[in-house]
């Protein structure tokens, strides 16, 4: 079943309360009602009894379509599926931790603005080159990222010398807006935040600090890194995922800076 | 005759009560039966607020004076190892 929720371009958290009679795999999809290929979340959870889904949306369109369905039955109307009930859908204020983001820095502010606009519109943008208003940042939105005619598994990469970011449109189309933002902030961190530009873990954590501070959902960060690492399951990526999980878990407990 | 000051406080109290009640009002959203139609609407990005509009697309042959990223690196990493 799908509900239309007016979001009016606001920052908000959707709180979706669901109840089931027995254990069911309930899936939540939130997409933009107007802009194609613009998804805010797509997740599922085993629900037995009552459960609440929190969908953090630092970015939203004018209206969102919220689909809630039992995975075994597919997305059918409420008349056709009595295995669960959507008790309520409410909008609440988005919780952010802007004190950790350093938005007072013009470089961070400019990139966050550029990346937000790019990620929200990536589903409808044509391939080409895009720049920030101050022309400090450039994104090459490529059909795919290739080296020597071979398509690469990475969804994005940054040139350490020029700061130019390349993005695979083929991969970005399948990503949610938060997925895209997590990837772009990681690339930004490599060149503009890291002490060691080659350190992937340092870029992961510097990027995640901004991502989580802006109020983006934790689950979407896990998801996009898991997807990316599945394409390249190396020991280094396994170690990266452990660091990411540890960092995200601790961020909620205000232990962000305890990382060694 | 009601004291003007008391009337002001009562008015203010009623106003605050209304604000609290309205902010907690639960809204029920309608189920959309024909979702396919929603995705077929034309999308016009010029209707978006400024902070969500697509970034500037560089034109064919247009030269940009991009700054060297090393000259902009005034930020401090919080996770150097």
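The mean number of partner chain beta-carbon atoms within 10 angstrom of a residue's beta-carbon across peptide A:58-64 is 2. Between the helical axis of A:235-251 and the longest alpha-carbon principal axis of chain A there is an angle of about 60 degrees. Among A:165, A:52, a tally of other beta-carbon atoms within 10 Å of each Cβ gives an order, fewest to most, of A:52, A:165. For the residues of A:31-43, the average number of beta carbons from a partner chain within 10 Å of their own beta carbon is 3. Look at the alpha carbon pairs under 8 Å that are at least 6 residues apart: their mean separation over the length of chain A gives a relative contact order of 17 percent.
Taking packing as the residue-averaged number of other Cβ atoms within 10 angstrom, the listed peptides B:58-65, A:143-150 run from highest to lowest as A:143-150, B:58-65.
Enter the angle in degrees (range 0 to 90, nearest 10) between the Cα long axis of helix A:218-231 and the first principal axis of the Cα atoms of chain A, meaning the one along which they spread out most. For helix A:218-231, the angle is close to 60 degrees. Extent along the principal axes, Cα only, for the protein assembly as shown: 77, 59, 45 Å, with the longest axis given first. Once you divide the Cα radius of gyration of the stretch A:121-260 by 2.2 N^0.38 Å, the number left is 1.03. Once the Cα atoms are used to define both axes, helix A:177-192 deviates from the longest principal axis of chain A by about 20 degrees. Pairs of alpha-carbon atoms within less than 8 angstrom and 6+ residues apart define the contacts here; what relative contact order does the stretch A:99-158 have, in percent? Relative contact order comes out at 20 percent. Using alpha carbons only, the radius of gyration of the stretch A:61-169 set against its Kirkwood radius gives Rg/Rh = 1.12. Relative contact order of the stretch A:77-214, taken over Cα pairs closer than 8 Å and 6 or more residues apart, is 22 percent. Peptide B:53-63 has a mean of 5 when you count, residue by residue, the C-beta atoms of other protein chains within 10 Å of its C-beta. Rounded to the nearest angstrom and listed largest first, the equivalent-ellipsoid semi-axes of the stretch A:1-91 from its Cα gyration tensor are 23, 13, 11. The order of A:26, A:89, going from fewest to most other C-beta atoms within 10 Å of their C-beta, is A:89, A:26. Residues A:235, A:166, arranged from fewest to most other Cβ atoms within 10 angstrom of their Cβ, appear as A:235, A:166.
Rule-based calculations on the coordinates, nothing more; no lab input. Just so you know, these numbers come straight off a predicted model, no measurement behind them. Neighbour counts are summed over all protein chains in view; Cβ atoms, including those assigned to glycine, are modelled from backbone coordinates with ideal geometry.
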